[in-house]
1. Give all pairs with beta carbons closer than 7 Å in which a residue from the stretch 151-178 that is basic (Lys, Arg) meets a residue that is modelled with pLDDT under 95 and not in a helix (DSSP H, G or I); count only pairs at least 6 apart in sequence or on separate chains.
2. Within the stretch 103-138, count every residue that is without any contact (Cβ under 8 Å) to a residue 40 or more places away in the chain, of a type in the set (A, V, I, L, M, F, W, C) and open to solvent by less than 40 Å² (accessible area, probe 1.4 Å).
3. Based on this model, can you work out whether residue 120 counts as more than 16 Å from residue 45 (Cβ to Cβ) and either among the hydroxyl-bearing types (Ser, Thr, Tyr) or part of a helix (DSSP H, G or I) (or both)?
4. Is it true that some residue in the stretch 45-67 is in contact with a strand residue (DSSP E or B) (Cβ under 9 Å, 6 or more places away or on another chain), of a type in the set (Lys, Arg) and farther than 21 Å from residue 25 by Cβ?
5. What single numbered condition from (1) among the β-branched types (Val, Ile, Thr); (2) modelled with pLDDT under 95; (3) more than 27 Å from residue 26 (Cβ to Cβ) fails to hold for residue 125?
6. Could you tell me whether residue 147 is surrounded by 13 or more Cβ atoms within 10 Å (Cβ to Cβ), under 12 Å from the mean Cα position of the chain (by Cα), modelled with pLDDT of 95 or more and not polar (S, T, N, Q)?
Amino acid sequence: MPFPLNQADMESIGLFCAASDRLEASYYDLAGAFGRLVGERGLTLVYGGADSGLMESAARGVKDAGGHVVGIVPSVLEARRRVSRYVDEVVPCHDLSDRKAIMVERSDVLVALPGGVGTLDEVFTVMAANSIGYHRKKVVLFALDGFWDGLVAVLQEMDRRGFVNVPLEQYLVVARSWDELQAVLA
């Protein structure tokens, strides 16, 4: 379900995803393929800059496709020397709240691959800020193999019961296939 976005003006894709190194191999493959798609489209990847998990796989995919990678790196990652070697531009920040704010500022749209609590925090922060008018950035949940289906069901139920004040479509899109994701990033 692609959404209207002035794609001619799209230059950068923000990415939220897991930094875990304990996932099934298919998730790393997914992140790498996503990164290659971003790089092949000539877009810049803006992400958390970590050298692990799906983050690292996506950044490597972008670089393999000749793309540009911006890492928004909290001081704790720099102190632990956990910054990806695939980052072309490091943007230091104080903490995770700063990282989210900078990622939203530097991205035209934000995509969530599979992730955990941190990814949920990022997604909800962007959605909430959009819903009250801080920005008009959209979040794309890449729900390949149904990963985000439970979350989507909860959001739809909240909407049905009147707890969502603006239409979900104003700030959320669910892409359930590569074709749908490519249509969003076209």
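1. Once the first residue is basic (Lys, Arg) and sits in the stretch 151-178, its partners that are modelled with pLDDT under 95 and not in a helix (DSSP H, G or I) give 176/143.
2. 1
3. Yes; evaluated as a whole, the condition is true for this residue.
4. Checked the stretch 45-67: no residue is in contact with a strand residue (DSSP E or B) (Cβ under 9 Å, 6 or more places away or on another chain), of a type in the set (Lys, Arg) and farther than 21 Å from residue 25 by Cβ.
5. Here residue 125 clears every test but (2).
6. Judged against the criteria, residue 147 is not a match.
The values are calculated or read from the model by the stated rules, or taken from the named source; none is laboratory data. What you see is a predicted model, and the numbers here were worked out from it, not measured in a lab. Positions of Cβ are generated from backbone atoms using ideal geometry, with glycine treated the same way; all protein chains shown enter the neighbour counts. These accessible areas exclude ligands, DNA and RNA; they are computed on the full protein's heavy atoms, side chains included. Shrake-Rupley method; radii C 1.70, N 1.55, O 1.52, S 1.80 Å.
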